[in-house]
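I have placed the structure first, in the form of structure tokens, so that the comments after it can refer back to it.
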Amino acid sequence: MYTSNGDTSSTWKRLFPRSMWRQRNSLQLIGLSLISGVLLIFLFLIGLLIADLFVSRGAVVLQGDQIEVARERFGDVLDVVAQPEGFNSSEEIRLQNRGLLHSLWNFKDRIWAQPLITMYQKFPLLRENSSALICLLLAGAILGMLRGLILARCRIQASQLGLTVSNQLRRSLHRQAMRLGPSDLLDHQIHQAYDLFRNDTTLIRDGITANLYRLTLHPVSLAVLFFLGLIISPRLFLQMVVPLLACWLMVVRERTRFQKSRKLAESEDQLRSNVLAESLTKTRLIRGYSMEEFDNINFSKHLDQLSTSTSTVRRREVVSSWLCWGLVLGCVLILGLLMGVKVLLPEEHPQSLQLSEVILLSLVFGFAFKPLLRLRDLREIRKETALAAERIYRYLAQIPEVGQAVGAKFLDPLSKWLSFENVSYSLPGATGKKILDHLEVKLPAGGLTVIAAPNPLEAQAMMYMLPRFLEPHEGRVLIDGEDIAWVTLESLRAEVLYVGGREIYFTGSVLENITCGLANFTQADAISAAKRVHAHNFIQRLPQGYETVLGEHGERLSVGEEFRLGLARAILRNPAILILEEPDKDLTEEDKSMIDDAYDQICPGRTVFVIPSRMSTIRRSDRIVLLHEGKIATVNTQANLLGGNELYRHWEYTRFNVFRHIGK
């Protein structure tokens, strides 16, 4: 049995082990994330060049020795005549409309500048403002689109990994539901499996997708942004990081404190609201004992308390919001001061920064906000995902009641007697209610037997034991003296078939619903079975006949048509024992007539048990097995029971009498 120690990290490791990172999709995801980081660097570099182009307008001022240095760096494309000896070094040359020259000159000593200088020399379009701007915008657009495609591919890769894990769990849930479902008398586990399959596996898929996408992409993006910040100005970057982190932590702490305070206040307000609403449900007590004045005093007191508490929460919310905004504003002022000082320094100062660099640094911090926010939420996402996985693992760890015994034998069709020997069964759980209590009965083969019980669960439990959907907690069930616990499930369920309940048909064609997709049954066999139970005519009236799809996205059948379809499916297999649970919903007169005639066709030559919903079925029965409080009350015919059994008369009245609902 699966047990949780409350440590969601161990559940997460089981859900997504480290070996998953070595899979092809995971490695591709990591590789794409690194490529995305490289493209982000180029995009920021293009942004820096565009910003500097706007600020400088492509103008460069060279003085004295700078002219010779520029000629050495940029060559003939600079179009500056060498200065003669004795040239006054204080004189300057102003170059206009030179494209990227201003950026490359100011950043000439940076590592990344040399490849750009080479490109500037080779491509004339980069030497003029308009053409340079067009080139930068086109390059930015292409790289941006390429990065967008890579991010989309990253999301697809992460989604595929999440889908792989969720599909594995869905297969496991499907297998486990096939093992546990037949034993679920109250359908609790069926509903649990349905919810796990529909909701929790989807939550796990989305959780793993978000975790992989954020864990591979955002750390790379943050590393790139950190690298860019250090390249621009290591000292200023680190100086800006400190107040930003401090502001972040204080804002998060304040919002967390306020959220806890608000939840506590809301729970207290809910209690006060309940007290206020109490008087609305006790008007007779208040008016009958003339308590109006006392009630008004209490009502006013609690209403004032509720109003005060609500106002306090609103004031705290305003104060918290202003405090957070104040922290953010203070941080922005500090950062603005730090950056402004660097911009205002003389150009020859080693700590001086260009305005374009400051803009780029601001963008670095702006772009870092979203990855940090996504990574902060990652812990909660992993926790919710792990909790959903725990619920699934607990379900998968359940041990089914029914299993095939080692060395099980083949079962021959029933020919003599069916016996229940000292059979007991209780609902699951430590305090499970006993449904069958040392039930003893021996029934002959053949004929139609009605199973009647004031508690429908008793009749269902008794019948579910024949195909071994349920396993007796005590006692045994025998077919011709053979304990069915020691026969193969395949041979048992080939001879014992159940029709009715809530599982009449599945999503698929009518033919598939009758043959269950088995190739050894032909369409002619299915048509023959359908004709015997009067299902052929309504099937023919469906849009595509036997190829008509039924179920969630297909045609819907009436209650009577559903039941006759189930009869056709069972009769096709010619079982020795047929168990029928008649629909408890209203049937049309045509349905009733068709079903009665179908019984005439299918009952001879086999043993039929019915949990009835119609008096006509009871009247045609050969015997009635009446259960009460988990035991056999009597076995007799309807005529004898009506004349001498008070319990049966009560059961028949509560089930079939037209006046049974009067007074309820």
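The values are calculated or read from the model by the stated rules, or taken from the named source; none is laboratory data. Note that the structure is a prediction, hence the values are computed from the model and not measured. Here the Cβ is made from the backbone with ideal geometry for all residues, glycine too, and neighbour counts use every protein chain on show. Each accessible area value is taken on the protein alone, full model and side chains, heavy atoms only, with ligands, DNA and RNA left out. Shrake-Rupley method; radii C 1.70, N 1.55, O 1.52, S 1.80 Å.
Tell me, yes or no, whether the stretch 247-259 has at least one residue that is in contact with a Cys (Cβ under 8 Å, 6 or more places away or on another chain), at pLDDT below 85, surrounded by fewer than 17 Cβ atoms within 10 Å (Cβ to Cβ) and part of a helix (DSSP H, G or I).
For the stretch 247-259, residues in contact with a Cys (Cβ under 8 Å, 6 or more places away or on another chain), at pLDDT below 85, surrounded by fewer than 17 Cβ atoms within 10 Å (Cβ to Cβ) and part of a helix (DSSP H, G or I): present.
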- Filtering the stretch 324-361 down to residues that are open to solvent by 80 Å² or more (accessible area, probe 1.4 Å) and closer than 30 Å to E254 by Cα, which residue is nearest to the chain's Cα centre (by Cα)? W325
- Per the filter on the stretch 549-569, residues free of Cβ contacts under 8 Å to residues at least 40 places away in the same chain and surrounded by fewer than 17 Cβ atoms within 10 Å (Cβ to Cβ) are E555, R556, S558, V559
- Give the residues of the stretch 353-371 that are in a loop (DSSP other than H, G, I, E, B) and either of a type in the set (D, E) or touching an Asp or Glu at 6+ places or on another chain (Cβ under 9 Å) (or both), sorted by residue number. Q354
- Message: Out of A141, A152, A113, I need the residue that is of a type outside the set (D, E) and open to solvent by less than 40 Å² (accessible area, probe 1.4 Å). Which one?
- Response: A113
- Can you spot a residue in the stretch 496-512 that is open to solvent by less than 60 Å² (accessible area, probe 1.4 Å), touching a residue at least 24 places away in the same chain (Cβ under 8 Å), over 28 Å from A452 (Cβ atoms) and part of a strand (DSSP E or B)? yes
- Query: With respect to H650, is the statement that it is modelled with pLDDT under 95 and either crowded, with 20+ Cβ neighbours inside 10 Å or farther than 22 Å from S509 by Cα (or both) true?
  - Reply: yes
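Suppose we filter E278, E317, E293 for residues that are without any contact (Cβ under 8 Å) to a residue 60 or more places away in the chain and either touching an Asp or Glu at 6+ places or on another chain (Cβ under 6 Å) or exposed (fewer than 11 other Cβ atoms within 10 Å of the Cβ) (or both); which single one remains?
Going through E278, E317, E293 in turn, just one is without any contact (Cβ under 8 Å) to a residue 60 or more places away in the chain and either touching an Asp or Glu at 6+ places or on another chain (Cβ under 6 Å) or exposed (fewer than 11 other Cβ atoms within 10 Å of the Cβ) (or both): E293.
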- Query: Say we look at the stretch 92-110 and pick out the residues that are open to solvent by 20 Å² or more (accessible area, probe 1.4 Å) and in a helix (DSSP H, G or I); which of these is nearest to P234 (Cα to Cα)?
  - Reply: N106
- Return the only residue of L186, L203 being more than 30 Å from I46 (Cβ to Cβ), within 28 Å of the chain's Cα centre (by Cα), among the aliphatic types (A, V, I, L, M) and outside any helix (DSSP H, G or I). L186
- Query: How many residues are within 37 Å of the chain's Cα centre (by Cα), farther than 30 Å from Q601 by Cα and of a type in the set (S, T, Y) if we restrict to the stretch 409-465?
  - Reply: 3
- Note on the structure: Inside the stretch 572-588, the number of residues satisfying the requirement of being farther than 26 Å from E458 by Cα and out of contact with any Gly (no Cβ under 7 Å at 6 or more places or on another chain) is 3
- Note on the structure: Of the listed residues (G508, G481, G501), the one being at pLDDT below 95, touching a helix residue (DSSP H, G or I) at 6+ places or on another chain (Cβ under 9 Å) and on the phi > 0 side of the Ramachandran plot is G501
- The condition from (1) within 30 Å of D200 (Cβ to Cβ); (2) of a type outside the set (A, V, I, L, M); (3) in contact with a strand residue (DSSP E or B) (Cβ under 8 Å, 6 or more places away or on another chain); (4) open to solvent by 40 Å² or more (accessible area, probe 1.4 Å) that S426 misses is numbered (4)
- Name every residue in the stretch 227-257 that is within 21 Å of L40 (Cα to Cα), in contact (Cβ under 8 Å) with a residue 24 or more places away in the chain and out of contact with any helix residue (DSSP H, G or I) (no Cβ under 8 Å at 6 or more places or on another chain), in order of residue number. I231
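So, in the stretch 37-80, exactly how many residues are among the basic types (K, R), out of contact with any Lys or Arg (no Cβ under 9 Å at 6 or more places or on another chain) and surrounded by 15 or more Cβ atoms within 10 Å (Cβ to Cβ)?
Going through the stretch 37-80 one residue at a time, the tally reaches 1.
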- Do we find a residue being in contact (Cβ under 8 Å) with a residue 24 or more places away in the chain, closer than 23 Å to A51 by Cα and either among the basic types (K, R) or not in a helix (DSSP H, G or I) (or both) anywhere in the stretch 332-352? yes
